[in-house]
Every structure is written in structure tokens, then in C-alpha cells.
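Worksheet: the structure to be examined is printed underneath.
Taken together, the values in this text are just the output of simple stated rules run on the coordinates, not laboratory data. Computed from a predicted model, the values in this text were never measured in an experiment. Cβ placement follows ideal geometry from the backbone for every residue including glycine, while neighbour counts extend to all protein chains displayed.
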Amino acid sequence: MKIISWNLLRLTGAKIGDVVRLAKHERPDLLLLQEATREIDALPDYLGGFYARAPLPGRIHGLAVWSALPRPKPLVLKLPSGAVVDRVCQIIDVGAFSVANVHLSHGQLLNRRQLRHIAHHLPARAAVLGDYNLVGPALLPGFTDAGPREPTHVCADIMPLRLDRCYVRGLRCSAATALDRHTSDHRPIMVELAPAGAERVRLAA
């Protein structure tokens, strides 16, 4: 499964036309968005498919997911709260595994706590993708870092940081890269994931 995750930079960053062009060019099976506003709700008008958005409480933006195929409605999970912004995540059942779409808090203790909370609600095979707002390792037991190792965000055009991550459990990653950021301050990350051992199962059959 090819998955792309992108923080759009709400009102001043990537627009719906940028998202449509990315989806048409890369043809992901699943597209995860952070800082998505109501403008992005028109995505099915351009691409068809399945779409769901979960605004952050009290904010004009939130998380969104698009898929070329029908999907069950994502679970919206409330996360441990920070001092400024209440956070949620979307958990999407894609059949063979589940995917959590995240935009975590900036606090380096809090965002790791939020990750552990999310992991508690995921099945054995799962991936957590999105804007981690994390510096250093995630320290998420049972999960491995499968995302691209290159910087994905530039702070004030000075300091490159790898804020956008993909951690997996019970999955293998066959490709991982960061794409052009266009008008956002984040680069989209792309990964290709499958259940671990899937080839051995097919060969045995």
C-alpha cells in the first residue's frame, strides 16, 4: 500500500489544487493530511473516492484522509491534551492493518505520551504517520522508524528538521522518501507498506 502524509500549513500553505496535483501524480492508495481546512473537503469532487476530515477542537484546521477505495469511517481518538491545542488522531482500518493519521503536540514529553496512547488503540499490525513535532527518537515500544531519514520541515528557512515520521509495527516498508514541499513548510512523506511476511505467505500458498 502506497501512503502519503502531508502537513498543508492551513490557510497560507498548500491549497486544494496542490493536493489534487500530488494525488494525480503519485497515485497513493491512502493520502493523510494535517492542517486541512474546509477547503479540502472538496477533494472528492476532483478525485472521487473516500474522504473524511476531523477538525481539531476549537481550530479551523484538522486531520483529513482520502482514499481511492471505500473505507470504513475512521475512528477519531482524543489524545492527551496540551496547554494550548487539544489534539485528536484518525485511525483508519485498511483491512490488513490500521493507519493512524497524527498531528502531535510540540511538547517533547507530551507528544511521546500521545504516541503511546495511540499505540494502545491500534491492532498488532499498524502504522502511525504524520507530523510528530518530534525531535529525536519516538521511544515507542514495539514500533520501528520506517519513514524517510531526510529533513521534512524548515524552521524559518534556517534549521531543517525531520518532523514528519512513519513508525510501524508488524509491517515492512519497501520504499520511503520525502517529496517536494511546494507551498507548504512541510515536505510530504511517501511510504510503501505491507504486512511483514506477506511474500512468504504468498509463496507458501
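Per the conditions (1) in a loop (DSSP other than H, G, I, E, B); (2) crowded, with 19+ Cβ neighbours inside 10 Å; (3) of a type in the set (Lys, Arg), the sole criterion not satisfied by Arg149 is (2). Checked against the criteria, Gln108 does not count as under 18 Å from Pro28 (Cβ atoms) and not acidic (Asp, Glu). Tell me yes or no: at least one residue of region 59-69 is surrounded by fewer than 18 Cβ atoms within 10 Å (Cβ to Cβ) and closer than 22 Å to Ile189 by Cβ. Within region 59-69, one or more residues are surrounded by fewer than 18 Cβ atoms within 10 Å (Cβ to Cβ) and closer than 22 Å to Ile189 by Cβ. Looking across region 49-60, the residues that are outside any loop (DSSP other than H, G, I, E, B), out of contact with any Ser or Thr (no Cβ under 6 Å at 6 or more places or on another chain) and not hydroxyl-bearing (Ser, Thr, Tyr) come down to Ala52, Arg53, Ala54, Pro55. Within region 1-22, residues that are touching a residue at least 60 places away in the same chain (Cβ under 8 Å) reach partners that are surrounded by fewer than 17 Cβ atoms within 10 Å (Cβ to Cβ) and β-branched (Val, Ile, Thr) with beta carbons closer than 7 Å, at six or more positions or on different chains, in the pairs Gly13/Thr183; Ala14/Thr183; Asp18/Thr183. Checking the stated criteria, Arg165 turns out not to satisfy the condition of being farther than 24 Å from Tyr51 by Cβ and either in contact with a Ser or Thr (Cβ under 8 Å, 6 or more places away or on another chain) or surrounded by 15 or more Cβ atoms within 10 Å (Cβ to Cβ) (or both).
Here the condition is being more than 20 Å from Leu193 (Cβ to Cβ) and basic (Lys, Arg); of Arg87, Arg162, Arg149, it holds for Arg87 alone. Selection within region 165-182: residues that are small (Gly, Ala, Ser) and within 28 Å of Gly13 (Cα to Cα). The member of this set that is farthest from the chain's Cα centre (by Cα) is Ala175. Among residues of region 185-196 that are surrounded by 23 or more Cβ atoms within 10 Å (Cβ to Cβ), those with a Cβ under 9 angstrom from a residue that is of a type in the set (Phe, Trp, Tyr), sequence gap 6+ or separate chain, pair up as His186/Trp6; Arg187/Trp6; Pro188/Trp6; Ile189/Trp6; Leu193/Phe97. A single entry from Leu193, Leu163 fulfils the requirement of being farther than 25 Å from Ala96 by Cα and of a type outside the set (Val, Ile, Thr): Leu163. Examine region 33-47 for a residue that is free of Cβ contacts under 8 Å to residues at least 60 places away in the same chain, of a type in the set (Val, Ile, Thr), in a loop (DSSP other than H, G, I, E, B) and surrounded by fewer than 17 Cβ atoms within 10 Å (Cβ to Cβ), and state whether such a residue exists. No, because not a single residue in region 33-47 is free of Cβ contacts under 8 Å to residues at least 60 places away in the same chain, of a type in the set (Val, Ile, Thr), in a loop (DSSP other than H, G, I, E, B) and surrounded by fewer than 17 Cβ atoms within 10 Å (Cβ to Cβ).
What are the residues in region 61-101 that are β-branched (Val, Ile, Thr), closer than 26 Å to Lys15 by Cα and not in a strand (DSSP E or B), if any? Residues satisfying the conditions are Val84, Val85.
Considering region 168-184, the residues that are under 18 Å from Ile118 (Cα atoms) and in contact with a Leu (Cβ under 7 Å, 6 or more places away or on another chain) include one that is surrounded by the most Cβ atoms within 10 Å (Cβ to Cβ), namely Leu171. Once region 102-118 is narrowed to residues that are in contact (Cβ under 8 Å) with a residue 12 or more places away in the chain and surrounded by fewer than 18 Cβ atoms within 10 Å (Cβ to Cβ), the residue that is nearest to Ala52 (Cα to Cα) is His117.
The one condition from (1) within 19 Å of Ala176 (Cα to Cα); (2) in contact with a His (Cβ under 8 Å, 6 or more places away or on another chain) that Ala36 does not meet is (1).
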